[in-house]
Amino acid sequence: MRSTIKPQPGIMQIELYKSGKSSVEGVQHVVKLSSNENPFGASEAAKAAYAREMHNLNRYPSSDHAGLRGAIAEVHNLDAERIICGAGSDEIINFLCQAYAGPGNEVLYTEHGFLMYPISAMAAGATPVKVAENARVTDVDAILAGCTDKTRLVFIANPNNPTGTMIDAPEIERLADELPEGVLLVLDGAYAEYVEGYDGGAALADRRDNVVMTRTFSKIYGLGGLRIGWGYGPAHVIDVLNRIRGPFNLSSSAIAAAEAAVRDTAFVTKCRDENAKMRKWLVDSLVGLGLKCDPSHANFVLARFENEAQADACNEALAKEGLIVRQVSSYGLPECLRITVGDESSCRRVVHVIAAFMSAAKVERKA
């Protein structure tokens, strides 16, 4: 019998999000470099805080996240009342689309932007609109030209995923200045901690009523498995988002680990420094092998091959050696592979395999 029960318009047009692979059939002891995870894991302080919460599993968690918001505010010099916490920054993105976009509205995002932007827009019944980038870099003029009277939200990741590129603070402020009235600019700062001295847009969100910043504990803090994120913005926006946030959307364990993690600034500095060192080595090595790489400001590198076939073949060669990287065809970059910056051993293994692959490809072309 054919069901007459139908989902809301737009939902069946959503393509399921595919996360980075974590296994290779027939290969043991793989190195996962497909999801931009911190190779050093979580800090010891975060692990200890998480473990202590095992004694309180029968208790409901805090519904206002006051302790975590206070810690974030203290470390980043922000107003705790204007912080909202969610199950990863994905949930904050969902809240924003649910609250500010719907049928008849448009949500703008850039050409190679994070796939959750169009997914969250369609889930809210809104229409996602993709605007061009300039050589894989956010193009402010293209965004402004793409705005219409239907536009309600503009999402940009800075640094961007999967390109690793970013635009500077004056360009972001120009975008905020020139957006039409009634449009909210969302700055996704998932990788902001990897850029020394960069606040992810916090100062801009602090002084404007049309800018919101989102952040995550999944990357440099190594807490991807706990799903914790946060947002910061004007009081009127945070008030709206809290009205649709579930009262217990974060577990006690997640809250405790995140609070300890954000206070462990020495661990964050160590991870940022190690990432910068190995990222430079990885980029220099890949360029030396004849590949193209844009300057990356995150914890991954986007390697550009001659074409899609070459990228696919290199991906297979890496997988055979137990090295899992991310194919990014779904981001409109079929000729690229996104490679997480792992520890030194992982980076050296990746370069060794790609060097052998490129050498064999040269021999093949000559034959």
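Bear in mind these aren't lab numbers, they're just calculated from the coordinates by the rules spelled out. The structure displayed is predicted, hence computed values, not measured ones. Positions of Cβ are generated from backbone atoms using ideal geometry, with glycine treated the same way; all protein chains shown enter the neighbour counts.
With respect to the conditions (1) over 30 Å from Ala235 (Cα atoms); (2) in contact (Cβ under 8 Å) with a residue 60 or more places away in the chain; (3) out of contact with any helix residue (DSSP H, G or I) (no Cβ under 7 Å at 6 or more places or on another chain), Ser63 lacks only one, and its number is (1). On the given criteria, is Arg272 among the charged types (D, E, K, R), under 18 Å from the mean Cα position of the chain (by Cα), within 25 Å of Ser296 (Cα to Cα) and assigned to a helix (DSSP H, G or I)? Yes; evaluated as a whole, the condition is true for this residue. Among the residues of segment 178-193, the one identified as without any contact (Cβ under 8 Å) to a residue 40 or more places away in the chain and over 24 Å from Ala126 (Cα atoms) is Ala192. Filtering segment 120-130 to residues that are in a helix (DSSP H, G or I) and without any contact (Cβ under 8 Å) to a residue 24 or more places away in the chain leaves nothing.
Scanning segment 102-119 for residues that are within 15 Å of Ala190 (Cα to Cα), assigned to a helix (DSSP H, G or I) and hydrophobic (A, V, I, L, M, F, W, C) yields one hit, Met116.
Out of the residues in segment 47-73 meeting the condition of being among the small types (Gly, Ala, Ser) and in a helix (DSSP H, G or I), tell me which one is farthest from Arg263 (Cα to Cα). It comes out as Ala51.
With within 18 Å of Ala298 (Cα to Cα), in contact with a Leu (Cβ under 8 Å, 6 or more places away or on another chain) and of a type outside the set (Gly, Ala, Ser) as the only criterion, which of Thr214, Thr165 stands out?
Residue meeting the stated conditions: Thr214.
A single entry from Asp312, Asp294 fulfils the requirement of being in contact with a Ser or Thr (Cβ under 6 Å, 6 or more places away or on another chain) and under 20 Å from Asn36 (Cα atoms): Asp294.
Considering segment 256-266 alone, what residues qualify as being farther than 15 Å from Ser218 by Cβ and not in a loop (DSSP other than H, G, I, E, B)?
Those that are farther than 15 Å from Ser218 by Cβ and not in a loop (DSSP other than H, G, I, E, B): Ala256, Glu259, Ala260, Arg263, Thr265, Ala266.
The set of residues in segment 100-110 being within 21 Å of the chain's Cα centre (by Cα) and either on the phi > 0 side of the Ramachandran plot or surrounded by fewer than 18 Cβ atoms within 10 Å (Cβ to Cβ) (or both) is empty.
Determine whether segment 319-339 contains at least one residue that is closer than 15 Å to Gly290 by Cβ and touching a residue at least 60 places away in the same chain (Cβ under 8 Å).
Checking segment 319-339: at least one residue is closer than 15 Å to Gly290 by Cβ and touching a residue at least 60 places away in the same chain (Cβ under 8 Å).
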